[in-house]
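The structure appears right after this line, and notes come after that.
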């Protein structure tokens with residue numbers, strides 16, 4: 001053998017000669033990757049299991065199945081074996097979405113969704129829509145109210161017509177639908193009303209006057225209703241979130257560098273993805289928790305600051321408006 005030719009060192013010898021810090025890193029990274037993957041797999045498995053126990057064979061109404069959150073939840077409920085009633089303003093899009101759900105599922109363990117046209121902006125059509133919903137299965141177990149109309153503008157610039165339209169979509173519509181299905185739930189002594197509401201049902205911020213008012217109103221209604229229907233075995237849950245979004249990590253980092261008040265009333269505050277919100281909704285259906293806030297730490301702190309330190313909160317918000325220089329436009 002040529003003395004100038006050396007045999008390749010084994011991996012063990014290489015590791016022994018490495019700096020201890022580097023060796024720890026080399027060994028630790030694969031372990032972290034495996035543990036992380038295992039965590040997400042277990043989390044998905046648990047959510048799937050909870051979904052099956054929460055909605056299997058139950059009649060579930062999604063009031064806006066065409067929104068991002070509505071589609072995500074409808075997909076989860078459909079795979080979980082729910083008897084879905086999908087509502088929305090556009091019949092063609094409802095049919096297309098129902099076909100997508102059917103094509104992506106096993107027909108032997110799922111039910112074909114039923115479709116109902118529903119527009120909270122047209123209150124005159126609500127009685128017919130409610131009757132159609134009740135005719136689908138004759139009853140319902142879960143009503144998920146996730147419709148929402150947003151507007152961003154100074155209070156003085158909004159017309160009364162716009163105020164009324166927001167109240168119809170965010171307050172009168174959900175309330176009318178809930179009242180329409182309650183008699184059936186009361187007679188069966190079972191049911192779950194799930195209001196997907198904004199964190200602005202708890203916290204009003206500038207340039208959202210009518211929107212925040214409608215969210216406060218609907219929050220108050222369902223808080224009162226919860227106590228009234230508890231004796232009938234009916235659960236009422238409210239979920240308050242900041243913003244349903246698919247924001248990337250990079251955008252999240254950029255948002256986190258903004259000022260306190262800008263995070264509270266910018267067009268896209270720190271939010272959660274439809275997947276995260278749907279997972280929280282599934283857990284809420286399973287444990288029947290009365291109130292859930294889905295938000296990063298800062299908005300949660302603002303909610304408590306509004307309650308316990310109102311003068312400080314008002315001063316910070318006012319400073320934010322002054323700092324912007326002019327009223328924000330839509």
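Tabulated data for the structure shown
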item	result
Sorted by Cβ density within 10 Å, fewest first, the residues 216, 156	156, 216
Computed over the range 57-324, the ratio Rg/Rh where both radii use C-alpha atoms and Rh is Kirkwood	0.98
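Read-outs: derived from the displayed coordinates by stated rules, not from any lab. Nothing here was measured: the structure is a model prediction, and the numbers come from that model. Virtual Cβ from ideal backbone geometry, glycine too; neighbours counted across all protein chains shown.
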